[in-house]
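Data first, discussion second: the structure below is written as structure tokens.
The values are calculated or read from the model by the stated rules, or taken from the named source; none is laboratory data. Just so we're clear, the structure is a prediction, and the values are computed from it rather than from any experiment. We place every Cβ from the backbone using ideal geometry, glycine too, and count neighbours over all the protein chains shown. SASA here: full protein model, heavy atoms, side chains in, ligands and nucleic acids out. Shrake-Rupley method; radii C 1.70, N 1.55, O 1.52, S 1.80 Å.
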Amino acid sequence: TIDLGDVNANNYKPTSKNEEQANHKLRNLQLLDNILGQVNDKIVEAVKSHPDSLVVTVGGDHSVGTPTLHALNTCYKDLKVIWVDAHPDFINPDQSYYPNYHGYPVSHVTGLAKSIPGFDWLVNRIPFENIVFIAIRDIDPDELINLRKLNIKCFTMDHVTHLGIGEVMDQAISYLDP
């Protein structure tokens, strides 16, 4: 095990006065942009310095998903993602009034959430077809609309219960790597 340390959110302050971020309906964008950018850089450093290791990130909320996915997508071309969670974190800020960033990580890293200002470090988008959601049980109406519209593969908890996790994983892997 190689621990590259923490990114201490208590030490970060907004680095610039981005008025667009400050006035956006999503809370704390100036702070999150800086912190999540640092997490992204730390993960890229970890992968490059230990390419044969498994990367594990632990965060306080779902916002850590954005830099984790982005950094891995930066290091591994054509990254495939299996997102196992009760929530798809696929809210589109143009369709929702939800004010907390932790509902947006997957939509942000795929480019669905284009209207979130800042995050200049977020340049490598993951194609929608490279993501499968597993164990979804709580989904916002706009998330459901976008998942259907974009034809993103989703397995709900009902699928897991009826098919079993082994079959769901087999189908997810077959979908991502036919």
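Between a first residue in region 140-151 that is on the phi < 0 side of the Ramachandran plot and a second residue that is part of a helix (DSSP H, G or I), which pairs have beta carbons less than 9 Å apart while being 6 or more apart in sequence or on different chains? Close Cβ pairs satisfying both conditions: ASP140/GLY103; GLU143/GLY103; GLU143/SER107; ASN146/SER107; LEU150/THR110; LEU150/PHE128; LEU150/GLU129. Can you say whether ILE152 is crowded, with 19+ Cβ neighbours inside 10 Å, farther than 28 Å from SER53 by Cβ and in contact with a His (Cβ under 7 Å, 6 or more places away or on another chain), as far as the supplied structure shows? When the stated conditions are applied, ILE152 does not pass them.
With respect to (1) out of contact with any helix residue (DSSP H, G or I) (no Cβ under 8 Å at 6 or more places or on another chain); (2) closer than 24 Å to HIS24 by Cα; (3) outside any helix (DSSP H, G or I); (4) not charged (D, E, K, R), the lone exception for PRO178 is condition (2). Quick one: is ILE2 in a helix (DSSP H, G or I), modelled with pLDDT under 90 and among the aliphatic types (A, V, I, L, M)? It is false that ILE2 is in a helix (DSSP H, G or I), modelled with pLDDT under 90 and among the aliphatic types (A, V, I, L, M). Per the conditions (1) surrounded by fewer than 24 Cβ atoms within 10 Å (Cβ to Cβ); (2) more than 18 Å from ASN40 (Cβ to Cβ), the sole criterion not satisfied by ILE91 is (1).
Annotation: of all residues in region 21-55 being within 23 Å of GLY103 (Cβ to Cβ) and part of a loop (DSSP other than H, G, I, E, B), the one that is least open to solvent (accessible area, probe 1.4 Å) is LEU26. ILE2 meets all of the listed conditions (1) open to solvent by 60 Å² or more (accessible area, probe 1.4 Å); (2) among the β-branched types (Val, Ile, Thr); (3) closer than 28 Å to HIS159 by Cα but one, namely (3).
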